[in-house]
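The values are calculated or read from the model by the stated rules, or taken from the named source; none is laboratory data. Worth saying up front: this structure is predicted, and the values here are computed from it rather than measured. Neighbour counts are summed over all protein chains in view; Cβ atoms, including those assigned to glycine, are modelled from backbone coordinates with ideal geometry. Accessible surface areas use protein heavy atoms only, side chains included; no ligands, DNA or RNA. Shrake-Rupley method; radii C 1.70, N 1.55, O 1.52, S 1.80 Å.
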Amino acid sequence: MGTTSTPEADGAVETRGIEPVPDRERHGRVRELFPTWVAANISVLLLTMGAALVVNNGLNFWQVLLVAVIAATVAFGMVGVLSVSGKWGGAPGAMLSRAAFGVRGNYFPGAVLWVARFGWETINAVTGAYAVLTVLRLLFDIRANNLLVVITLLAFVACTYLVSGMGRKALNLCNRYSTYLFGLFTVMVLVYLIATMDWQAIFAKKAGTTAMVIAGIGTIAAGGISWVPTGPDFARYLPHSASGRRIVGATVSGAALVLVPMVLMGGVMAVSNPKLAGQNTDPMSFLGTILPTWLAVPYLITALVGMVLINSLSMYSAGFTAQTMGVKLPRALAVSINAVISLVGGLFMMLVAKDFIGQFITFLTLLAVSFSAWIGVYAVDMARRRSLAVRYDADSLLTIGRTSRYWYRGGFCWQAMISWAAALAAGLCFTTVQWFTGPLATTWIGRNGLGWAATILIAAVLFAVLPRPKENVPATDEPVTGGRTPLTTG
């Protein structure tokens, strides 16, 4: 068995690891997903990305709004749809992925997702540390130095580790109150911008090209795409009767509530201060010039809490990925691996690297492609399971030997592996970043930043047309035809 902890659902610290949640403990509510996805998007980096849509992509106000709405709907629509598998199987996405790729095959996409998660957590940790430094400068005129950088980054990672280590209940509580607090200060910032911005200049800006709109959608959506494999982790405590449509609705609306206004605010700010999109080393310091101190400081502190929660949500899921990859530690301790790596990576970015925003955009581009290959295969596998009497078998998910239903051939589902690998390679061919240009980057797909969409499509189509894999299914397990499919886990 792959379990590494004794499940305890009622304690302050969640000790359940990758083992599926039994029906008697499925007490979650769909409405809990709304603040979860609000918190997952409370990042001041969205302001910088919104500014980049105006300065670098040349978009106007209405195009920035369109980009933000489409990006939130597409990216978190996928998060919501694939989250439904969490209530089906009661297990984290990294664990349910074994059913698609095979017990051994799952290590390969799992490793890529785990490494990508390291990068995402490092970016968030650096952003949080810069937020602390900006608050210290605005309030006390304390200037950053290497020692202060180390202290602030260490404090941020420690807080993240504490919250994520405590687990689901602590996260839900923090998410709920951060939603109220951040919503209040966001409204205050919006009111200030409405009263002080040169709206004539904002609306007079000419429209950018369609290609830049499409590319902007991909850039903004990339962050949301990175949450897709994580979606089932937060839906696994939902009862089988939970509405799939409500899951998708709560996910998209929660994310859009924050993502759309923040991207739009960044675009508006960029009209009065185009340098906002060019803060290469410190992406937070611009708030001290755009907003008055009495508003910038509480807004930054609130956003800092949000960034702690973003990293906590990411590390929470990373603990499951670590256990799925064979790390023999309880979930709370498995999280420490990501905490240490994000600390080391963050120190490198803050003390050695110079171009934070450039590295961030590069990372987002590669992140979207690496997650998209998994999404295409997983989505097709999930669609096929709608017609099965046993959608996910709990015992087989935990069994890593030949008796597992998901052993396939030698522990690999070769159809899924071929589809994933081919799509990942193709996606990289369409990609252009600071230090790499794929051979297909000059095609229409590459120029418009649609490598991530092509990756999903290629993976899905290949997996759909290849011979359907056969699980080690007992003779009594037959597909259900007609009526409502039983939502059983085995």
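Applying the criteria of a DSSP loop state and at most 14 other Cβ atoms within 10 Å to the chymotrypsin sites (Phe, Trp or Tyr not before Pro) of region 392-479 yields W435. Simple rule: put +1 on each Lys or Arg Cβ and -1 on each Asp or Glu Cβ in the chain, find the dipole, and look at P229, G376, G218; the Cα lying farthest toward the positive end is G376. For region 116-200, the Kirkwood radius over C-alpha pairs fed into Stokes-Einstein at 10 °C and 1.306 mPa s yields D = 103 µm² per second. Solvent-accessible area per residue in the chain equals 39 Å², computed with a 1.4 angstrom probe and all protein chains kept. Counting only Cβ charges, +1 for Lys and Arg and -1 for Asp and Glu, the dipole size of the chain around its Cα centre is about 700 debye. Against the chain, whose longest principal axis is taken from its Cα atoms, helix 293-324 shows a tilt of about 20°. Comparing Cα centroids, region 377-412 and region 311-328 end up 21 angstrom apart. Report in % the part of the accessible area of the chain that belongs to carbon and sulfur, leaving out ligands and nucleic acids; probe 1.4 Å. That fraction is 67 percent. For the chain, the longest principal axis of the C-alpha atoms and the axis of helix 356-385 are separated by about 30°. Placing a pseudo-label 7 Å from each Cα along the Cα-to-Cβ vector at V340 and K470 gives an inter-label distance of 4.5 nm. The order of the peptides 27-36, 291-300 by mean Cβ neighbours within 10 Å, most packed first, is 27-36, 291-300. Our coupling estimate for region 422-432, obtained by passing each phi through the Karplus curve with A = 6.51, B = -1.76, C = 1.60 and θ = phi - 60°, is 5, 5, 5, 5, 5, x, 5, 5, 8, 9, 10 Hz, Gly and Pro reported as x. Extent along the principal axes, Cα only, for the chain: 70, 51, 42 Å, with the longest axis given first. Spacing of the modelled spin labels on K328 and W414, each 7 Å from Cα toward Cβ, amounts to 3.2 nm. Couplings for region 101-110, taken from phi via the Karplus curve 6.51 cos²θ - 1.76 cosθ + 1.60 with θ = phi - 60°, read 9, x, 4, 8, x, 5, 4, 6, x, x Hz in order; Gly and Pro are left as x. In order along region 111-118, the phi-based Karplus estimate (6.51 cos²θ - 1.76 cosθ + 1.60, θ = phi - 60°) of 3J(HN,Hα) comes to 5, 5, 5, 5, 4, 4, 5, 4 Hz; Gly and Pro are listed as x. Ranked by the mean number of other Cβ atoms within 10 Å of their residues, highest first, the peptides 321-328, 217-224, 249-256 come out as 217-224, 249-256, 321-328.
Axis of helix 168-196 versus longest Cα principal axis of the chain: the two differ by about 30°, to the nearest ten degrees.
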